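The values are calculated or read from the model by the stated rules, or taken from the named source; none is laboratory data. Since this is a predicted model, take the numbers as computed values, not measurements. Here the Cβ positions follow ideal geometry from the backbone for every residue, glycine too, while neighbour counts run over all protein chains shown.
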């Protein structure tokens, strides 16, 4: 496991804050809706950065690939604006990646809720499990 470098982490956090503001205020592409920058991973030499984004409002007409393509298309503009705002020798090349962790968490939460609901509606199966466990 690679060692976590303090400066790399701080630069990633600052990139995350600045990109969130820039995407919200400066990117005027209709394919980019309500976007959250969930994380930024920067390489040690600051040459590359993986930017993980999540769409807050997902429409049927708007797919994640179109959003990522729009952000990747705006990457040059965003790098230029980051260069104006941040005091770095080199601004990392941005690669946007859709972060599916929120969707997976929501699906997992729904599965847990349905399992709890089915246990509450069918108490006989719950009693059988307790008897088998010896409880």
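Please tell me if residue 106 is in a strand (DSSP E or B) and either more than 15 Å from residue 12 (Cβ to Cβ) or modelled with pLDDT under 90 (or both). Considered against the rule, which asks whether it is in a strand (DSSP E or B) and either more than 15 Å from residue 12 (Cβ to Cβ) or modelled with pLDDT under 90 (or both), residue 106 comes out as no.
When you look at residue 76, is it surrounded by fewer than 14 Cβ atoms within 10 Å (Cβ to Cβ), at pLDDT 90 or above and either assigned to a helix (DSSP H, G or I) or over 13 Å from the mean Cα position of the chain (by Cα) (or both), yes or no?
Values: surrounded by fewer than 14 Cβ atoms within 10 Å (Cβ to Cβ): yes; at pLDDT 90 or above: yes; either assigned to a helix (DSSP H, G or I) or over 13 Å from the mean Cα position of the chain (by Cα) (or both): yes.
In short, yes.
Look at residue 94 and say whether it is surrounded by fewer than 15 Cβ atoms within 10 Å (Cβ to Cβ) and not in a helix (DSSP H, G or I). Considered against the rule, which asks whether it is surrounded by fewer than 15 Cβ atoms within 10 Å (Cβ to Cβ) and not in a helix (DSSP H, G or I), residue 94 comes out as no.
Take the conditions surrounded by 15 or more Cβ atoms within 10 Å (Cβ to Cβ), under 23 Å from residue 103 (Cα atoms) and in contact (Cβ under 8 Å) with a residue 40 or more places away in the chain and apply them to residue 15. Does it pass?
On the way: surrounded by 15 or more Cβ atoms within 10 Å (Cβ to Cβ): yes; under 23 Å from residue 103 (Cα atoms): no; in contact (Cβ under 8 Å) with a residue 40 or more places away in the chain: yes.
Answer is no for this residue.
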